[in-house]
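Peer 1: Following this message is one structure expressed as structure tokens.
The values are calculated or read from the model by the stated rules, or taken from the named source; none is laboratory data. What you see is a predicted model; the values in this text were computed from it and never measured. We place every Cβ from the backbone using ideal geometry, glycine too, and count neighbours over all the protein chains shown. These accessible areas exclude ligands, DNA and RNA; they are computed on the full protein's heavy atoms, side chains included. Shrake-Rupley method; radii C 1.70, N 1.55, O 1.52, S 1.80 Å.
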Amino acid sequence: MIRLASLALLTAALFAKDEQRLVLLRQAQDSFDRVEKAASAQLADASACVQSQAAMMPVALPAELELLHFHKGFCQLAVAAITRNAAGFTEAAAELDQGNAKTLAWLARLQVNPAALPAQWTDEKAGFARTERLWLGWAALRRGDLDQAARRFAGQEETGWPAWAAGLQAFREARYREAAADYSQAVDAWTRARRDPAPALMARLAPPADLPRALTELGGAQLLSGSLAAAVATLNTALEAGPDARAFYYRARARELAGQTEASLADYNLAGRAAFASAQELSTGEAHLYRGMLRYRRKDFIGAEGEFTSALNLDIPEALRPDASAWRHLSAVAAGFCAASREYLERSLPAVSPFFPKDEARTLAAGC
């Protein structure tokens, strides 16, 4: 009788324990479903999901653990995407690895360090997720492969990235009016996304759009297409995010071409100050470049030549070096040093950016 009573108690205990495990399993699945099926996951639901998966793991069967790690990692990813917590993304990636969700683990790690995205990527399986394809397109943009970027972005017009890639291609081919139109589409899409109070999880995990930079590029394209008032308005919006040397420079050019001399000079000054402020060292070639432009426009040609020489002798973005060199030669020609300076100026013009005043330089060289 004692044995029978003990067996009955043991059976009841096992049944109760199994019943408890089933309750935890049901709670874990229900909490995951709320997050996974939501159009926009809520922080409270995602946090509860993480806790319910963690509660289930100690009593889970071995065959259940991989799925639980996936569910926990997915919900941790949702929490991190809402809070933008770097440690949360790292923890989510570790769980997703154990849940054999390599793509989501990859996306989680990209949120912490986008620059870690491989420069080259080979598809190992067909049917890449939409967000993953956006990141692969973003990587192609970073290495300057616009054709590859366009292929990756295809079919995702609502994200703004196809228009952005098209704008970069049009700008590269000196089709500035088309570039401005494409950039404008991208800016509109990214502005709408920023205003969305409850974006979907995959939208939160998409590549980050740099809206101030996009507005600066749009303003530059509008400037080069002759839409000077539109360029100034766009660059005003870009500068609302904070001082930016290039935005000030483009606005200075737009105002200069519009005949707004004093406003243009003020912007050249602001461009130099912004470049100095953002420099990691006390001296910056970019700041000297803008200061040289300011001195040139004030007809201090000797002082301008010195600034451009300093720009070339200091750290300066490689893309700006041809302009700095041409400005230095232009200053020398404007100061009356013709002969060799004129020849150097003419040789330098093919390499300058479209923002350099080529026509002005050719006119001055011809009259020297």
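Peer 1: Spin-label point model (7 Å from Cα, Cβ direction): what's the R273 to A44 distance in nm?
Peer 2: 4.8
Peer 1: Rounding to the nearest 20 debye, state how big the charge dipole of segment 220-368 is about its Cα centre with +1 on each Lys and Arg Cβ and -1 on each Asp and Glu Cβ.
Peer 2: Around 300 debye, computed over segment 220-368.
Peer 1: While we're looking at this one, here's another question. Between helix 43-56 and the chain, what is the angle of the helix's C-alpha long axis to the longest principal axis, kept within 0 to 90° and rounded to the nearest 10?
Peer 2: Taking the Cα atoms of the chain, the angle to 43-56 is about 40 degrees.
Peer 1: Within the chain, which is the longest segment containing none of the GluC sites (Glu not before Pro) that sit in a DSSP loop and have at most 15 other Cβ atoms within 10 Å?
Peer 2: Numbers: sites that count: E124, E173, E240, E281.
Of all site-free stretches, the longest is 1-123.
Peer 1: Measure nothing but the geometry: give the 0 to 90° angle between the long axis through the Cα atoms of 102-112 and the longest principal axis through the Cα atoms of the chain, rounded to 10°.
Peer 2: For helix 102-112, the angle is close to 50 degrees.
Peer 1: Right, something else. If you take the beta carbon distance between A198 and D359 as r and set R0 to 56 Å, what does 1/(1 + (r/R0)^6) give as a FRET efficiency, to the nearest 0.05?
Peer 2: Approximately 0.65, to the nearest 0.05.
Peer 1: Right, next: Find the accessible area per residue for segment 244-361; the probe is 1.4 Å, ligands and nucleic acids are left out, and the unit is Å².
Peer 2: Accessible surface, normalised per residue, equals 47 Å².
Peer 1: Just to be sure I understand the model, the point goes 7 Å from the Cα along the line to the Cβ. What's the resulting L349 to N113 distance in nm?
Peer 2: It works out to 4.8 nm between the two label points.
Peer 1: Quantify how much of the Cα-Cα distance distribution of segment 206-291 extends past 21 Å, in percent.
Peer 2: Percentage above 21 Å: 28.
Peer 1: What is the sum of charges around A140, taking Lys and Arg as +1, Asp and Glu as -1, for the other residues whose C-beta is under 10 Å from the C-beta of A140? Can you show the working numbers first?
Peer 2: Numbers: positive: R142, R143, R151, R152; negative: D145, D147.
Taking every other residue near A140 into account, the sum is +2.
Peer 1: Hey, another quick one. Excluding ligands and nucleic acids, what accessible area in Å² is computed for K299 using a 1.4 Å probe, to the nearest 10?
Peer 2: Probe radius 1.4 Å; accessible area of K299 about 150 Å².
Peer 1: Can you tell me the relative contact order of segment 32-75? Whole percent, Cα pairs under 8 Å, sequence separation 6 or more.
Peer 2: Relative contact order comes out at 43 percent.
Peer 1: Per the helix-only calculation at 222 nm, which mean residue ellipticity applies to the chain, given -39500 (n - 2.57) for every DSSP H run of n ≥ 4 and division by its residues, nearest 500 deg cm²/dmol?
Peer 2: Numbers: 19 runs with 264 residues, N = 368.
Roughly -23000 deg cm²/dmol at 222 nm, from the helical runs in the chain.
Peer 1: Could you state the angle between the C-alpha long axis of helix 65-83 and the longest principal axis of the C-alpha atoms of the chain, as a value from 0 to 90 degrees rounded to the nearest 10?
Peer 2: 40
Peer 1: What net charge do the residues around Y176 carry, taking every other residue with its C-beta under 15 Å from that of Y176, with Lys and Arg at +1 and Asp and Glu at -1?
Peer 2: +1
Peer 1: Separate question: Taking the Cα centre of segment 49-199 as the origin and placing charges on Cβ (Lys, Arg +1; Asp, Glu -1), which of A78, G144, A94 is farthest toward the positive end of the dipole?
Peer 2: Result: G144, furthest along the dipole toward the positive end.
Peer 1: Continuing with this model, one more query. Probe radius 1.4 Å, ligands and nucleic acids left out: which of W106, W135 has the largest accessible area, and how do the rest follow?
Peer 2: W106, W135
Peer 1: Mean 1/r over all different Cα pairs, inverted: what Kirkwood radius does the chain give, in Å? Intermediate results must be reported in sequence, preceding the final value.
Peer 2: On the way: mean 1/r = 0.0409 Å⁻¹.
Roughly 24.5 Å, rounded to one decimal.
Peer 1: Could you work out how much longer the chain between R143 and E158 gets when fully extended? Use 0.36 nm per residue separation minus the Cα distance between them, nm to one decimal.
Peer 2: Additional length available on full extension: 3.1 nm.
Peer 1: Here's a follow-up. Below 8 Å between Cα atoms, with a sequence gap of 6+, how large is the relative contact order for the chain in percent?
Peer 2: Relative contact order comes out at 7 percent.
Peer 1: Can I ask one more? Rounded to the nearest percent, how much of the accessible area of the chain (1.4 Å probe, protein heavy atoms only) is carbon and sulfur?
Peer 2: Of all accessible area on the chain, carbon and sulfur atoms account for 55 percent.
Peer 1: If contacts are Cα pairs under 8 angstrom and at least 6 residues apart, what is the relative contact order of segment 322-361 in percent?
Peer 2: Taking the mean separation of contacting Cα pairs over the length of segment 322-361, I get 49 percent.
Peer 1: With every protein chain left in place, what is the accessible area per residue of segment 61-211 in square angstrom, probe 1.4 Å?
Peer 2: 49
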